[in-house]
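Q: The structure that follows is given in the form of structure tokens.
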Amino acid sequence: MEVLGIDVGGSGIKGAIVNIETGKLVTKRHRIPTPESRKPEDMAKVVAQIVKHFDYKGKVGCGFPTVIKRGVCKSPGNLHKSWLNTNVEELFKKKTGLDFTVVNDADIAGYASMNYGTGKDMEGLVIMLTIGTGLGSGAFLDGKLIPNFELGQIPYKKYKKIELWAAGSAKDREGLTYKKWGKRFNKFLKLVDLIVSPDTILLGGGASKDFDEFKDCITIDTPVIPAGLQNHAGIIGAAAAAFHNISYH
């Protein structure tokens, strides 16, 4: 069974066709930059372009970088404020004519890792952190998704949320070395460890592929492991979410 997975991010919107049995991409990944406005209508047009690129007609899975409940955006996150209370599934369906399953991006990246990647067969409380424009987080207890963990929203010092200070975008924006940024990220890990005491932390998103550059900055005792699927995790998890209908209330 092959399903289109789309990963919506703050800097890029990516898609590919995924074999659900193997978790492998069967097409090349197609990426279009996220419109600068980050507004619903503009981003929906890009999603439609990706669907058209693959000439795809089935159900679509989509990872989205905010809190999603019943397909509705409950927090704009790093996107435009007009996303608040927008029904993302209905918007994308209107633009494409196809049914969408839309789930928080870190949740579905974690879902991919727990089913096809490093997290497979892991027990206990596993936290998936995605490092990108923001800091996404997904939680799994004995392999079952606990939705809408938003640990990147924790206030920190003068910052409204810690992801403004410790996400991958902060590293790029401020021109930080991996060592300097790694110390920031380690402070975030310390808070995660204190608040939820996970058994394992998996890392996904763009910076996870450079784990060797900052792993020496990590000082917590909890195992911290790259998720393995790297930038494809969101696409793979989105496709699997649509196929298995893991949308939640």
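The values are calculated or read from the model by the stated rules, or taken from the named source; none is laboratory data. Please read these numbers as outputs of a predicted model, since none were measured by experiment. Backbone-built Cβ (ideal geometry, glycine too); neighbour counts: all protein chains shown. These accessible areas exclude ligands, DNA and RNA; they are computed on the full protein's heavy atoms, side chains included. Shrake-Rupley method; radii C 1.70, N 1.55, O 1.52, S 1.80 Å.
Q: Looking at Ser137, Ser113, which one is more than 15 Å from Ile6 (Cβ to Cβ), in a strand (DSSP E or B), in contact (Cβ under 8 Å) with a residue 40 or more places away in the chain and within 16 Å of the chain's Cα centre (by Cα)?
A: None of the other options fit; the residue is Ser137.
Q: Do we find that Asp212 is surrounded by fewer than 18 Cβ atoms within 10 Å (Cβ to Cβ) and in a helix (DSSP H, G or I) in this structure?
A: yes
Q: Just to be sure I understand the filter: pairs with C-beta atoms under 7 Å, separated by 6 or more residues or on different chains, first member in region 152-171 and open to solvent by 40 Å² or more (accessible area, probe 1.4 Å), second member assigned to a loop (DSSP other than H, G, I, E, B) and not hydrophobic (A, V, I, L, M, F, W, C). Which pairs pass?
A: Pairs found: Gln153/Lys161; Pro155/Lys161.
Q: Output the number of residues of region 87-105 satisfying the condition of being surrounded by 23 or more Cβ atoms within 10 Å (Cβ to Cβ) and either among the acidic types (Asp, Glu) or closer than 22 Å to Leu129 by Cβ (or both).
A: Number satisfying all stated conditions: 4.
Q: Quick one: is Ile195 over 19 Å from Asn148 (Cα atoms) and out of contact with any His (no Cβ under 7 Å at 6 or more places or on another chain)? Steps first, answer last, please.
A: Values: over 19 Å from Asn148 (Cα atoms): no; out of contact with any His (no Cβ under 7 Å at 6 or more places or on another chain): yes.
It is false that Ile195 is over 19 Å from Asn148 (Cα atoms) and out of contact with any His (no Cβ under 7 Å at 6 or more places or on another chain).
Q: Would you check which residues across region 87-110 are small (Gly, Ala, Ser) and under 18 Å from the mean Cα position of the chain (by Cα) and list them?
A: Within region 87-110, Ala106, Ala109, Gly110 qualify.
Q: Out of the residues in region 59-86 meeting the condition of being crowded, with 16+ Cβ neighbours inside 10 Å, under 30 Å from Val26 (Cβ atoms) and more than 15 Å from the chain's Cα centre (by Cα), tell me which one is modelled with the lowest pLDDT.
A: Looking at residues that are crowded, with 16+ Cβ neighbours inside 10 Å, under 30 Å from Val26 (Cβ atoms) and more than 15 Å from the chain's Cα centre (by Cα), I get Gly71.
Q: Using the structure shown, decide if Gly143 is within 29 Å of Lys69 (Cα to Cα), touching a residue at least 24 places away in the same chain (Cβ under 8 Å), surrounded by fewer than 16 Cβ atoms within 10 Å (Cβ to Cβ) and in contact with a strand residue (DSSP E or B) (Cβ under 9 Å, 6 or more places away or on another chain).
A: yes
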